[in-house]
1. Note down the net charge around B:L62, summing +1 for each Lys or Arg and -1 for each Asp or Glu among other residues with Cβ under 9 Å from its Cβ.
2. Calculate the length of the line joining the C-alpha centroid of the stretch A:151-178 to that of the stretch A:296-332, in whole Å.
3. What distance in nm separates the two pseudo spin-label positions at A:V376 and A:V170, each 7 Å out from Cα along the beta-carbon direction?
4. With r defined as the distance between the Cβ atoms of A:F419 and A:S217 and R0 fixed at 22 Å, what FRET efficiency is calculated, to the nearest 0.05?
5. Within 10 Å of each Cβ in B:79-88, how many Cβ atoms from other chains are there, averaged over the peptide?
6. Could you rank A:M47, A:M53, A:M189 by how accessible they are, 1.4 Å probe, largest area first?
7. Label point 7 Å out from A:N122 along Cα-to-Cβ: which residues of the stretch A:406-450 have amide N under 11 Å?
8. Just grab the label-to-label distance for A:L390 and B:S58, each label 7 Å out from Cα along the Cβ direction, in nm (one decimal).
Amino acid sequence: MKPLVTRVLATAAMLAAAGTALAADNASSPSYQQLQHNYSTLQKQMMQMQKQMAAMQKQVASQQKEIAASKSSKESVDEKATEQSIEDLYNQINKQSQKISQMEPGSTNFLIVGDANVTFTNQRGTPSQFSADVSPIIDWQLDKRLLLIAGFDFFTQGNSGDFSSGAGDVSIIDLSYILNDYMTVGGGMFPSPFAAYNNYFGPPWIEPMVDAPEVYSYLTPSNEVGGYISGAVPVGPTHFNYNFYASNGPDIISSDQNPNGPGSAPGALNFGDTNNYNNGKAIGGRLGFVPIPSLEVGYSFEYSEPVTQPSTAIATPFHVNAFLQAVDFNYGKVVKALDGLVRARGAWIFSSTDGAVYPGTVGPDPFNGHSNGGFVELYYQPTLIDVPYLKNLGYAFRYDRVDIPGNNPGALHEQRYSFGLNYWLYSDAVIKGEYEFDNVENTGGNNAFFLQFAVGI
Amino acid sequence: MRFGYTLASGLTLAALVAGLGACSSQHKAAATQSAAKESKLPQSDAGIFSNQYEEKQSGAQLWAENCERCHNLRSPSQFNAAQWDIIVHHMRVIGGLTAVEARKIRVFLESASGQ
């Protein structure tokens, strides 16, 4: 840059000198011509230099532009990199905070729920006794659609809680997947949806009475081991729900080992066998209808082909057809007009097994099993009144009965009237008292008193 | 035996129909995806059976009315948001709640839990 400027300045100085000379001398003189020649040469040189300078300026400008451009692009790259790293940082922080929150007990996709109770039972004909039971249930949400429910039941046997004497078992293994809004598929071992007691009201903090209606000990399955499809479908302001299952199903008691126990005599269905004797599976289900949110009514069925248990009297095992049906209802609502919570629930179960001859048994041949039984239960608690203690106290009444027909050893005609009081410490902790009047045809019956302290976990 | 087969084939048919339902709801999934972002449970596909009755009701209302049918209402503050997510999933599977009920009740409980 410097030499160029010097050269320009020098040229300008020469031109100025020439100009002065021109003014001083006469234009026609030879020196003047010489000068003019010099002048035009110089002018040419200057113009050349001007061109060169313009070109150089152009070059410099374009270089500057390039530099600027590269600089700005570099800057934007830098900016992007910064944004990226901030985002990474955020992501990392998020991940870490998620990890931390996952470490908080119970706040992950894993939750321990369930129930526990301590019970005192005093029933005529059997020694009174204390017992205790804890049923932890793990709700394991593997995914927003995938849920594993694993339930365990641990209880006392007399004065012992020794597992080797049968004081514990697995009560639920239910793996389910929400397929879409209307259907869930699942399977494992789950409380039977049949007649909606075991799966809806089983836990002691849900059911106001201490003991279950008698019919559920004799005529219905309590668990299913199998697979199911279930779901709910809204229709206008109402909705339907369903659960259809295929399961191992019952077998039929054929031995004459235990001829006198109702429900365990020949011809009775045995739902809790630890063996599975045949390929015939039970197919069943329940269809529920919820016309208003506080009421649900249901119809259940279960069809199975139970085979006879191995027996010395029956050389070749045979099967019969068994068809169970039930209707049920469940209502629960805080009714303002009645100042409190009203519950009403009930179910009736009809069991029908084919007639068959069970050799070696006392009783009619063939034995024909058309049994039925059910319950109706009412509960009221004045939750809306402003009287301490009294508003925590609920009153329960239940009528239940079982009719297992015939003059056979397994026949049973039993009716019970139960009166209960529930005192709620919390919404999931209750002290229950119950007195039960029992009436069994021909034998009288065994009235019972229960006291129970139960919690939902 | 024949009765069993009839039932079994009926069940299979029901499963197939539901399977088709699942496939058709996949198409609608895209449309509801943006809405699905705010929801953790599988989003309602606004499918064939969806109706304005459920859509109109608030989560609090659905909770108060439906969750009292079988047992006492448990206070929203008893569990935190993550726990309610699991519990409502549990109740949906065992208690026959519809997808929309479950989603709205969960959103309500999660915010009402205060945690």
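1. So the surrounding residues net to -2.
2. The distance from the Cα centre of the stretch A:151-178 to that of the stretch A:296-332 comes to 25 Å.
3. 4.1
4. Details: r = 20 Å, r/R0 = 0.92.
E between A:F419 and A:S217, to the nearest 0.05, is 0.60.
5. Details: counts 4, 4, 2, 10, 9, 1, 5, 11, 4, 0.
Whole-number average of other-chain Cβ neighbours for B:79-88 is 5.
6. Heavy-atom accessible area, descending, gives A:M47, A:M53, A:M189.
7. The answer is A:448-450, whose backbone nitrogens lie closer than 11 Å to the label point.
8. If labels sit at A:L390 and B:S58, their model points lie 3.2 nm apart.
The values are calculated or read from the model by the stated rules, or taken from the named source; none is laboratory data. Predicted, not measured: the structure shown is a model, and the values here were computed from it. Because the Cβ atoms are built from the backbone with ideal geometry, glycine has one as well, and the counts that use them run over all protein chains shown. Surface areas here come from the heavy atoms of the whole protein model, side chains and all, with no ligands, DNA or RNA. Shrake-Rupley method; radii C 1.70, N 1.55, O 1.52, S 1.80 Å.
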